[in-house]
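Here is the structure we will look at, set down as structure tokens.
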2 protein chains.
Amino acid sequence: MNRSYMKAALQEAVKAFATGDVPVGAVVVKDGKIIGTGFNKREACQDPTAHAEMLAIREAAESLGSWRLTGASLYVTLEPCPMCAGAIINARIQKLVFGAYDPKAGAVVSLMGLLYDERFNHAVEVYDGICHDQCSGLLRRFFQGLRCDDADNSER
Amino acid sequence: MNRSYMKAALQEAVKAFATGDVPVGAVVVKDGKIIGTGFNKREACQDPTAHAEMLAIREAAESLGSWRLTGASLYVTLEPCPMCAGAIINARIQKLVFGAYDPKAGAVVSLMGLLYDERFNHAVEVYDGICHDQCSGLLRRFFQGLRCDDADNSER
């Protein structure tokens with residue numbers, strides 16, 4: 001686990017502000033190299049699947065020319081939702097590092113523990129709450145700017 | 001619930017054979033019209049997120065110009081995995097109709113009941129086992145052809 005990759009994920013998250021998207025960013029790392037990056041583009045692309053993690057995973061698979069991201073780590077500023085946690089399993093990602101917790105939709109520790117379900121026959125190492133204050137601070141500033149707490153304004 | 005849309009999903013599933021992908025197909029329907037189609041392209045595109053449901057949902061969102069697929073139904077030949085069940089929630093899909101059950105990765109009734117979790121604040125009507133024999137028969141013929149029961153040859 002290397003905090004500098006979380007800084008890179010935070011830089012991605014900042015890009016989402018420009019499009020009015022909830023600021024969540026992600027990077028996929030393998031062998032010490034970033035092979036995929038992504039930031040939330042749900043609003044920008046009007047695509048319900050365009051979460052930061054999904055875009056980073058897809059770019060990483062394209063980089064490797066393989067859907068199997070064995071040995072790769074995903075760094076993301078917010079706890080993954082069920083869709084993204086499922087994609088982490090499907091992509092055979094080895095390690096997940098996330099920053100802020102998501103009490104509304106987090107599927108790793110907050111609402112459920114999808115990555116700890118042994119029936120999926122794929123184990124993921126999880127490091128949670130890494131750079132938590134920076135990750136959650138960015139989200140808080142975004143929602144303060146909106147002056148709105150409508151549930152549909154979460155990334156999920 | 002209209003079985004003719006499951007037939008359309010089955011036609012999509014058949015297309016996956018040609019690329020060596022597990023034959024799963026999906027369509028998204030709104031106001032009596034198919035607005036998104038997809039078939040499993042994990043192997044063809046080497047994309048771990050390219051499940052039939054994801055591609056159909058993305059196409060439907062593009063058709064509508066909105067990530068909110070409110071009032072839409074998703075028909076898919078195989079029970080959704082956690083990623084796809086999560087995408088159904090994220091896209092605010094109203095109704096899910098699926099054919100075959102997936103005892104290895106099904107996140108709707110087989111391994112868990114993601115769509116019945118009231119904490120997500122979005123209810124999805126579920127119709128399961130529709131055209132079950134045709135959907136599961138297609139999968140069985142595919143795996144018999146492979147003569148292989150390796151878990152990694154499932155769509156998931």
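Brief remarks follow.
- Accessible surface of chain A, 1.4 Å probe: 48 percent of it comes from carbon and sulfur atoms.
- Residue-normalised accessible area of the stretch A:7-137, expressed per residue, 1.4 Å probe, Å²: 35 Å²
- Sorting A:Cys45, A:Cys81 by solvent-accessible area of protein heavy atoms yields A:Cys45, A:Cys81, largest first, with a 1.4 Å probe.
- Interface burial in the stretch A:94-126 reaches 40 Å² or more for A:Leu111, A:Met112, A:Arg119, A:Phe120, comparing the full protein assembly with the chain by itself; accessible area from heavy atoms with a 1.4 Å probe.
- When the pairs B:Lys33/B:Lys104; A:Lys15/B:Lys41; B:Lys7/B:Lys33; A:Lys15/B:Lys95; A:Lys7/A:Lys41; A:Lys95/B:Lys41 are compared against a 23 Å limit on Cα-Cα distance, B:Lys33/B:Lys104; A:Lys15/B:Lys41; A:Lys15/B:Lys95; A:Lys95/B:Lys41 fall above it.
- Buried between B and A is an accessible area of approximately 3000 Å², summed over both sides with a 1.4 Å probe.
- Helix-only mean residue ellipticity at 222 nm for chain B, each DSSP H run of n ≥ 4 adding -39500 (n - 2.57), per residue, nearest 500: -11000 deg cm²/dmol
- For the stretch B:9-156, the alpha carbon convex hull comes to 97 Å³ per residue, rounded to a whole number.
- Relative to one another, the C-alpha centroids of the stretch A:1-65 and the stretch B:106-132 are positioned 28 Å apart.
- C-alpha long axis of helix B:52-64 to longest principal axis of chain B, angle in °: 30 degrees
- Largest first, the three principal axis extents of the alpha carbons in the protein assembly as shown are 52, 41, 28 Å in whole numbers.
- Those residues of the stretch B:78-93 for which accessible area with every protein chain present is at least 40 Å² below the isolated value (1.4 Å probe): B:Pro82, B:Met83, B:Asn90, B:Arg92
- For chain A: relative contact order, % (alpha-carbon pairs under 8 angstrom, 6 or more apart): 21 percent
- Table column - 3J(HN,Hα) (Hz), the stretch A:69-83, Karplus curve with 6.51, -1.76, 1.60, x for Gly and Pro: 9, 4, x, 8, 10, 10, 10, 9, 6, 10, 3, x, 7, x, 4
- Charge dipole (debye, nearest 20) of the stretch B:1-112; +1 at Cβ of Lys and Arg, -1 at Cβ of Asp and Glu: 300 debye
- Copy-to-copy label separations for B:Asn121, where each label sits 7 Å from Cα toward Cβ, in nm and ascending: 3.7
- Karplus (6.51, -1.76, 1.60) ³J(HN,Hα), θ = phi - 60°, over the stretch A:36-51, in Hz, Gly and Pro reported as x: x, 9, x, 9, 4, 10, 4, 6, 4, 9, 6, 10, x, 9, 7, 6
- Lys/Arg +1, Asp/Glu -1 at C-beta; chain B dipole; positive extreme among B:Tyr5, B:Pro82, B:Ala105: B:Tyr5
- Counting 0.36 nm for each residue step from A:Ala18 to A:Gln134 and taking away their Cα separation leaves a gain of 39.9 nm.
The values are calculated or read from the model by the stated rules, or taken from the named source; none is laboratory data. This one's a predicted model, so the numbers in the text were calculated from it and none came from an experiment. Positions of Cβ are backbone-derived with ideal geometry, glycine not excepted, and every protein chain shown enters the neighbour counts. The protein model used for the area step is the full one, side chains on, heavy atoms only, and it has no ligands, DNA or RNA in it. Shrake-Rupley method; radii C 1.70, N 1.55, O 1.52, S 1.80 Å.
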